[in-house]
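The values are calculated or read from the model by the stated rules, or taken from the named source; none is laboratory data. Just so you know, these numbers come straight off a predicted model, no measurement behind them. Cβ coordinates were reconstructed from backbone atoms using ideal geometry, including for glycine residues, and neighbour counts include every protein chain displayed. When the accessible area is computed, the model is the full protein with side chains, heavy atoms only, and any ligands, DNA or RNA have been set aside. Shrake-Rupley method; radii C 1.70, N 1.55, O 1.52, S 1.80 Å.
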Amino acid sequence: MSYAPDGQQYQPYRPQGQTPQPPYGDQYGQPYGQQPYEAGGAQQPPHGRPQPPYGQQPQYEYEPQDHHEQPEPPRRKSRGRRWVIAGATVLALAGIAALVMNHFEIPPFTDKGSAVSFGQQPAGAGGKKNDAPQQPANSKMLMPTGPASDFKNSMTLPDGTHVAVTTLDGKKSGFKGKVWVWAPKEYNDPKFAKSGFPVMIALPGGAGYPSNYWMGTDLGLQTSISKWYAEGKSKPFILAMPVLNPAPDDKGIYWDGSDIPGQPKMGTWLTEDVPDLMKANFRTVKSRDGWAFMGSSTGGFAGLKAVLKHPDKFKAVIASGPDVVPDSSLWKGHEKEKAENNPEVLAKQLIDSKGPDVYLAFQVGDSENNKKTLPDVQKFIATYGNKGPVHAELRVIKGGQHNAKTYVPNMGEGPVQFISKVMEGPVE
């Protein structure tokens, strides 16, 4: 075997015209039983690549190429494979872009903002009124009176129904604000094409401005109504979800859903303008038997008061965690008007006058943050409930707190059945 002189590195053999490669592995080690080629004192392992000693694994190291050498060109991928990879990449990017655009509600990946007619022909460009369809005089159903409002889609539910929004310029209250609406899928079922549907006006708690939290799908009010109807618990209510207050609830200011002197007429807005909007755009029930309120907290108070004050227009209410007396600071100096909007006073008057029957479904959590809510409601029912025309029941929610997430699922465990039994719709 040949060895390099002392102090020099082992130099493998290279063909003429090529520069030597750096040493490979042990400068002395050669495979067992194999002799190196010799030329001019240099050694060349077989096939131009040094081999490790017997029993050792190869250690592949980078070997710089001589500029005269032509490296082996990389094998080209097949054209078909490249097209598949490119196509998959484009589809993946398009899918990501669609999800992003849908999240940020960028057309055409969302139908938010598109027109919704609920079976009505939208008003023409000139704002002309739609002709009211004819109907039999003895019909219990009221055809849409028109003109059709300019509804825009706010969100689309999994069953294809829409929550839509419009800005209502209240003719009777003088207040202008947003109203969200929703109709169950049965409304557009040909089987009910000649039927009027009951309407529930859903009021939020808190400020109730600039939006109404019932219009969002996170609380599940719309899907719950569809589910309860399928289970035979509820009427297929159309929902009207108006703003409750005319401005933000700054510094504890709110309007009690009432016509407080010197303030926007929110009582008229809720009991006149919003029902007129629904009658203009939907097939509804002519009589009060198809009209109800529901609400939580301040909205529960407003709905309770509306039914007791206008029993000729509304038949029932689901009031969740409500106040039972008006307590807005804006009533100061207006005691007479305050009494006219007090559910306790109104209930007594209704009993004394033997007025039309009303149905009050209360639900209150036993862990409400206001510890007076439950005893106040219990006292109200003990004093006025189930006397004469006032029919009331209470569902106490075990562990229930003062929030809409508590109230919605529990509505299906009693309150919605209580009012649905006495209401009408769909009717012809």
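Descriptive notes on the structure:
- Among the residues of region 286-314, the ones that are buried (at least 24 other Cβ atoms within 10 Å of the Cβ) and within 14 Å of V199 (Cα to Cα) come to 9 in all.
- Of all residues in region 386-418, those satisfying the criterion of being assigned to a helix (DSSP H, G or I) and closer than 18 Å to G220 by Cα are A404, K405, T406, Y407, V408, P409, N410, M411, P415, V416, Q417.
- The residues of region 216-228 that are open to solvent by less than 40 Å² (accessible area, probe 1.4 Å), not in a loop (DSSP other than H, G, I, E, B) and not aromatic (F, W, Y), listed by number, are L221, Q222, S224, I225, S226.
- Yes/no for V199 being within 19 Å of the chain's Cα centre (by Cα) and either closer than 19 Å to W180 by Cβ or of a type in the set (A, V, I, L, M) (or both): no
- Scanning region 184-207 for residues that are touching a residue at least 12 places away in the same chain (Cβ under 8 Å), touching a Pro at 6+ places or on another chain (Cβ under 6 Å) and within 30 Å of E337 (Cα to Cα) turns up at least one hit.
- Unmet requirement for R395, which otherwise passes all of (1) surrounded by fewer than 19 Cβ atoms within 10 Å (Cβ to Cβ); (2) among the basic types (K, R); (3) under 24 Å from F237 (Cβ atoms); (4) touching a residue at least 24 places away in the same chain (Cβ under 8 Å): (1)
- Residue in region 266-285 that is touching a helix residue (DSSP H, G or I) at 6+ places or on another chain (Cβ under 7 Å) and within 20 Å of E337 (Cα to Cα) present: yes
- Counted residues, region 336-362 - those being buried (at least 21 other Cβ atoms within 10 Å of the Cβ) and aliphatic (A, V, I, L, M): 6
- Only one of the listed residues (L350, L360) is hydrophobic (A, V, I, L, M, F, W, C), under 18 Å from V422 (Cβ atoms), in contact (Cβ under 8 Å) with a residue 24 or more places away in the chain and in a strand (DSSP E or B). That residue is L360.
- Residue check, S234 assigned to a loop (DSSP other than H, G, I, E, B) and over 25 Å from G267 (Cα atoms): yes
- Conditions (1) within 19 Å of A207 (Cβ to Cβ); (2) open to solvent by less than 20 Å² (accessible area, probe 1.4 Å): number failed by I253: (2)
- Residues in region 180-208 that are surrounded by 24 or more Cβ atoms within 10 Å (Cβ to Cβ), closer than 10 Å to R283 by Cα and among the small types (G, A, S): G196 alone.
- Within region 127-146, the set of residues being open to solvent by less than 50 Å² (accessible area, probe 1.4 Å), in a loop (DSSP other than H, G, I, E, B), under 15 Å from N281 (Cα atoms) and modelled with pLDDT of 90 or more comprises M143, P144, G146.
- All positions within region 315-337 that are touching a residue at least 60 places away in the same chain (Cβ under 8 Å), within 18 Å of F380 (Cα to Cα) and in contact with a helix residue (DSSP H, G or I) (Cβ under 7 Å, 6 or more places away or on another chain): A316, V317, I318, S320, G321, P326
- Hits in region 256-270 - residues which are hydrophobic (A, V, I, L, M, F, W, C), over 14 Å from A207 (Cα atoms) and part of a helix (DSSP H, G or I): W269, L270
- Residues in region 172-204 that are under 23 Å from L219 (Cα atoms), of a type in the set (G, A, S) and not in a strand (DSSP E or B): A183 only.
- Matching residues, region 320-335, being open to solvent by 40 Å² or more (accessible area, probe 1.4 Å), closer than 26 Å to A404 by Cβ and assigned to a loop (DSSP other than H, G, I, E, B): D323, V325, D327
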